[in-house]
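I have a structure I would like to understand better, so I am pasting it below and will then ask my questions one at a time.
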Amino acid sequence: MNTRGSGATAAVTGRGDRLQSWFLHHRLVAVSSLAELLRSPVASVMTWLMIGIAMALPTILYLMLVNVSDISGQWGGKPKVSVYLNYETTDEAARQLAQDVMAEEGVESATFISRNEALQTFQQRSGFGEVLTTLERNPLPHVIEIVPESADPLALATRVKAWEALETVDSVSVDLKWLERLFALLQFSERLVSALALVLGAGVVLVMGNTIRLAILNRREEIEIIKLVGGTDAFVRRPFLYLGFWYGAGGAITALLLTQVSILVLAGPVEALAQSYRNEFALSGPGFSGALLILFIGVMLGVIGALLAVGRHLHEIEPT
């Protein structure tokens, strides 16, 4: 809209025009920043590789940890608790106890195995079938095999004490030592991966800050001219933030490629190891949601590094 006075013309820009201009400038700066990176492919690829390796290391370790947890679950990550009943316990009482245990909260399954079924299984697997037939009576007790929903050693120990206190129970067999070691190892691995991710993430931010600092110094005269003609700090800051965006996005894509290559290399030996235990297993990658998360983290690290560098060095450049 133009307002005409005594020989002077004032132009008033609407909010829609300003918003459109803002979007157009962002698109222009984003494209020009990417084109600037592609004009020096060697330096850009080196930076992307550095960021990609720093992001790929904790990603690969985390995926290995997740896959190991899955393997431990398939190979008996949930322990079986064998509850041996008194020899005098009848079939009806034993079946009722199995139903009561199954109704308890936190119990996934409770399977009743009669002494006759246990004897038949023992005869088939032990090879002493003919010797066992000479016995006057079946020496084996009724057994209830319980699979808890949670493999937490502390919770499981509490349940074992409660089952041992029952009158019809003679003894309870469960090996908690290996379970405690497994949980301790998994917790240590989780903390190690988290610490490594934090350290390498800080390294990515420092690399980005140094890269953007060099870009600012190389364009010092251009920044002085822009400020001299009235350019705002936001206007001057925008190209460097997009540089950080493209560096972070390229580093995240590189990390995904390195992760996928690592999974392909490790897939064969891991599957062979799983088959030796008669277990079908395949290494799983980050998936679509995981890939989006890695891309988001890479972009955020790039932008944060650029923000820190621009905030520190941009105010030092003033036109003279």
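No value in this document is a laboratory result; all are computed from the given coordinates. What you see is a predicted model; the values in this text were computed from it and never measured. For neighbour counting, all protein chains shown are included, and Cβ atoms are generated from backbone atoms with ideal geometry for every residue, glycine included.
By average Cβ neighbour count within 10 Å, what is the ranking of 158-165, 208-215, 20-27, 115-122 from highest down?
Top to bottom by mean Cβ count within 10 Å: 208-215, 115-122, 158-165, 20-27.
A further question follows. In what sequence, highest mean first, do 55-68, 241-254 appear when ranked by Cβ atoms within 10 angstrom?
So the peptides 55-68, 241-254, ranked by packing, come out 241-254, 55-68.
Set the Förster radius R0 to 56 Å, insert the Cβ-Cβ distance between A272 and R312 as r into 1/(1 + (r/R0)^6), and round the FRET efficiency to 0.05.
The computed FRET efficiency comes out at 0.60.
Simple spin-label model, 7 Å along Cα-to-Cβ: L192 to T121 in nm?
3.6
Assign unit charges at the C-beta atoms only (+1 for Lys and Arg, -1 for Asp and Glu), then state the dipole size of region 208-263 relative to its Cα centre in Debye, rounded to the nearest 20. Before the final figure, lay out the partial values.
Values: 6 positive and 4 negative charges, 12 e Å.
Dipole about the Cα centre, nearest 20: 60 debye.
Sticking with the crude label model, points 7 Å out along Cα→Cβ, report the distance from R137 to A43 in nm, one decimal please.
9.1
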